[in-house]
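J.: Submitted below is the structure of interest, expressed as structure tokens.
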Amino acid sequence: VQLQASGGGLVRPGGSLRLSCAASGINFSRTVMGWYRQPPGKERELVAGSTPDRGTYYPNYGDSVRGRFTISRDNAKDTLFLQMNILKPEDTVVYYCYTKYLSIEYWGQGTLVTVSS
């Protein structure tokens, strides 16, 4: 299983970025996928998750990003996305792609998002 995250970078407060996570080695369309982040000195936190259930995908979001971030997936390309809008300086951190496949958790290498003027 491999998760390759990309799309991070430097953006001004109020700006937008879209992260991508290309997955391989899993049955992507039937697998839970998500994004996590770990601010310095804090525990890892859920940013957004996507749970499949009989062809429908149910999103869930962390409290700090709800209403600003949107998770989506392209099953034809085995790719997960995170659209991040109205970015704030406190969103500055490395974002990790996540999946749990056949009861095993996997993490991508992370992509850094920096929100600064």
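J.: Take residue 29 and tell me if it is assigned to a helix (DSSP H, G or I), in contact (Cβ under 8 Å) with a residue 24 or more places away in the chain and polar (S, T, N, Q).
T.: yes
J.: Turning to a different aspect of this structure: Which numbered condition trips up residue 92, out of (1) farther than 21 Å from residue 2 by Cα; (2) loosely packed, with under 15 Cβ neighbours inside 10 Å; (3) modelled with pLDDT of 95 or more; (4) not acidic (Asp, Glu)?
T.: (2)
J.: Turning to a different aspect of this structure: May I ask you to list the residues in the range 13-26 that are exposed (fewer than 13 other Cβ atoms within 10 Å of the Cβ) and part of a strand (DSSP E or B)?
T.: 24
J.: In the range 47-77, what count of residues is obtained for those that are assigned to a loop (DSSP other than H, G, I, E, B), closer than 17 Å to residue 18 by Cβ and open to solvent by 50 Å² or more (accessible area, probe 1.4 Å)?
T.: Counting residues in the range 47-77 that are assigned to a loop (DSSP other than H, G, I, E, B), closer than 17 Å to residue 18 by Cβ and open to solvent by 50 Å² or more (accessible area, probe 1.4 Å) gives 2.
J.: Among the candidates 89, 52, 39, 59, which residue alone is over 21 Å from residue 109 (Cα atoms) and touching a helix residue (DSSP H, G or I) at 6+ places or on another chain (Cβ under 8 Å)?
T.: Result: 52 is the single residue among 89, 52, 39, 59 that is over 21 Å from residue 109 (Cα atoms) and touching a helix residue (DSSP H, G or I) at 6+ places or on another chain (Cβ under 8 Å).
J.: Of everything in the range 102-117 that's of a type in the set (Ser, Thr, Tyr), touching a strand residue (DSSP E or B) at 6+ places or on another chain (Cβ under 8 Å) and more than 17 Å from residue 18 (Cβ to Cβ), which residue is surrounded by the fewest Cβ atoms within 10 Å (Cβ to Cβ)?
T.: 116
J.: Restricted to the range 30-44, and to residues that are under 14 Å from the mean Cα position of the chain (by Cα) and open to solvent by 60 Å² or more (accessible area, probe 1.4 Å), which residue is nearest to residue 113 (Cα to Cα)?
T.: Top of the filtered list is 38.
The values are calculated or read from the model by the stated rules, or taken from the named source; none is laboratory data. As the structure is a prediction and not an experimental result, all values here were calculated from the model. Using ideal geometry, Cβ is built from the backbone for each residue, glycine included, and neighbour counts are taken over all protein chains shown. We work out accessible area using only protein heavy atoms, side chains counted, and drop any ligands, DNA or RNA first. Shrake-Rupley method; radii C 1.70, N 1.55, O 1.52, S 1.80 Å.
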